[in-house]
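The block underneath contains the structure these notes are about, expressed in structure tokens.
Here, each number is a calculation from the coordinates, and none is a lab measurement. Computed from a prediction, not measured in an experiment: that's the story for all the values here. Methodologically, a virtual Cβ is constructed for each residue, glycine included, from the backbone with ideal geometry; neighbour enumeration extends over all protein chains shown.
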Amino acid sequence: MSKKVLITGGAGFVGSHTSDALLDLGYDVRILDNLSKQVHPSGFPTYLSKDVEFVRGDVRDLDSLARALRDVEAVYHFAAAVGVGQSMYEIADYTATNIQGTANLLQALLWNKQEIRKLIVASSMSIYGEGSCLCRCCGEVAPAERTAEQLAGKDWELHCPICCGEVSPLPTAEQKRLRCASVYAISKKNQEEMVLLFGKTYGIPAVALRYFNIYGTRQSLSNPYTGVAAIFASRLMNGNSPVVFEDGNQLRDFVSVHDIVQANLLALRSSEPDGMALNVGSGDPVSVVDVANEIATHLGLAASFMPSGKCRIGDIRHCYADISKISAVLGYRPKVRFRQGMQHLVEWLNCQHAEDHTHEAYAQLAAYRLVA
Ligand code: UD1
């Protein structure tokens, strides 16, 4: 029996760590990756294992996909454009890569008529929109996105849709209604739904993993549209202060890439999650300003940052994971605590070079009036 696994987008942060873990377990790994300049400015990444079979190609190209799929028994579909802010003005590119790219993958699977034992797609917590909330008077509520007027008045917190009082965040579970607030989120919802529907229709075990905010080694330090931990690290390594949006107290669930790999392997090797969408997070809320402070402290720098008082259109206020479903279904247990993970990240940063391009990214957002 072939044990070959294809990872689309496998040269990236999550894909390469997953690939290392699969190789350790004795799988053969094929990677399909276009080595996008924004993510890989220096070309082929030096961290990629020599034991992988590397195919340079793009998910927007059906033929590359059909070739990459030959003889594989499982597929991780990670190739995607990932910037929430950028998705709001590179609409056609995000749609082509994320939605059409996924459609191409499914089409190629169908044409190849091959027996696939597992199809796992990288979904995202961004599809929830705002996370679940508790109102002291009305109980659990689902507030809508903040309005432009509210943000202009720097009223950052969410309000109860019933009594208008302030609400506090709760862990967000899979059954929460999805309310996408960015083109990126729409594309992820689409990917998830297409993959699960395809799996159901053709009897292919398919799983969507709703990743929360992943951080760790190998996250691109020169891509200004990547996750906030890498952006802050790049700013600090270049002697610049992190730009903290809003008041910095927005909460996310920062999950180590090693815990993401744990979930990826569990989902591959168990049939329990087939047909499901599962949250993958740490289960702990952490504020954005705490991420800046933690990285600065570990780098030996002063840690007190003035929030910018501005916000990115398309951002949500709070969301962190309820991980009870994945814990019950797969026995997933996050192993890396935030402090420990950040310390490990900084040890790696100390031997990295980072180009800080965030000023260009912010100028683009401002030009499209996507910063308020
Ligand atoms: C991130 C990922 C998305 C993933 C999702 C899963 C990126 C670019 N986005 O989206 O792919 O699917 O998590 O949860 O990797 N912020 C600042 N200053 C900055 C940049 C960001 O204050 O310079 C703030 C943002 O306003 C936001 C928070 O940090 O409040 C998180 O932003 P970001 O890292 O882009 O993550 P998400 O939008 O949550």
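In region 130-237, inverting the average of 1/r over every pair of distinct C-alpha atoms gives 17.0 Å as the Kirkwood radius. Here 246, 73 are placed in order of increasing Cβ neighbour count within 10 Å, fewest first, which gives 73, 246.
Which whole-number percentage describes the relative contact order of region 123-274, with Cα contacts under 8 Å and a sequence gap of 6 or more?
Details: 177 pairs, mean separation 34.4, N = 152.
Reported relative contact order: 23 percent.
Work out how much length residue 24 to residue 355 would gain on full extension: take 0.36 nm times their residue separation and subtract the Cα-Cα distance, in nm to one decimal.
Numbers: separation 331, 0.36 × 331 = 119.16 nm, distance 3.20 nm.
Result: 116.0 nm gained on full extension.
Farthest toward the positive end of the dipole of the chain, out of 57, 340, 362, is the Cα of 57, where the dipole comes from beta carbon charges about the Cα centre. Around the Cα centre of the chain, unit charges on the Cβ atoms of Lys, Arg, Asp and Glu (plus for the first two, minus for the last two) sum to a dipole of about 460 debye.
May I ask you to derive the relative contact order of region 1-74, considering only C-alpha pairs under 8 Å and at least 6 residues apart, and to give it as an integer percent? Normalised by residue count, the contact order of region 1-74 is 39 percent.
Taking a spot 7 Å from the Cα of residue 247 along the direction of its beta carbon, which residues of region 254-298 have an amide N less than 18 Å from it? Only 286-293 fall inside the zone, counting backbone N under 18 Å. Ordered by the count of other Cβ atoms within 10 Å of each Cβ, fewest first, 120, 162, 313 give 162, 313, 120. Evaluating kT/(6 pi eta Rh) at 10 °C and 1.306 mPa s, with the Kirkwood radius of region 73-212 over Cα pairs in the Stokes-Einstein relation, gives 95 µm² s⁻¹. Have a look at 245, 270, 232 and report the one farthest towards the positive end of the charge dipole of region 229-276, computed about the Cα centre with Cβ charges (Lys/Arg +1, Asp/Glu -1). With unit charges placed on the Cβ atoms, the residue in question is 232. Taking residue 310 as the anchor, which lysines have their alpha carbon closer than 22 Å to its alpha carbon, excluding any fewer than eight residues away along the same chain? Partners found: 154. For region 289-320, backbone nitrogen atoms closer than 18 Å to the point 7 Å from residue 140 Cα along Cα-to-C-beta are found at 318-320.
Compute the Cα gyration tensor for region 33-129, then decide on rounded, prolate or oblate, letting a ≥ b ≥ c be the square roots of its eigenvalues: rounded whenever a/c is under 1.5, prolate when a/b is larger than b/c in the other cases, and oblate in all that remain.
On the way: a/c = 1.73, a/b = 1.21, b/c = 1.43.
Since a/c reaches 1.5 but b/c is at least a/b, the shape of region 33-129 is classed as oblate.
For region 289-348, relative contact order (Cα pairs under 8 Å, six or more residues apart, normalised by length) works out to 42 percent.
Placing dummy labels 7 Å off each Cα toward the beta-carbon, the span from residue 367 to residue 238 is 1.7 nm. Hey, which of these cross-link pairs are over 25 Å Cα-Cα: 188/325; 176/200; 37/325; 118/325? The answer is 37/325.
Centre-to-centre, using Cα atoms only, region 87-145 and region 257-336 are separated by 17 Å.
Cβ-to-Cβ counts within 10 Å put 315, 247 in ascending order as 247, 315, the fewest first. Projected label points at residue 324 and residue 149, each 7 Å from Cα along the beta carbon direction, are separated by 3.8 nanometres. What number in nm² do you get for the chain if you take the convex hull of its Cα atoms and divide its surface by four? Convex hull of Cα atoms, orientation-averaged projection: 17.6 nm².
What is the dipole size for region 117-253, taken about its Cα centre, with +1 at each Lys and Arg Cβ and -1 at each Asp and Glu Cβ, in debye to the nearest 20?
Working: 15 positive and 13 negative charges, 144 e Å.
Roughly 700 debye, rounded to the nearest 20.
Taking Cα atoms only, the orientation of helix 101-112 departs from the longest principal axis of the chain by about 20 degrees.
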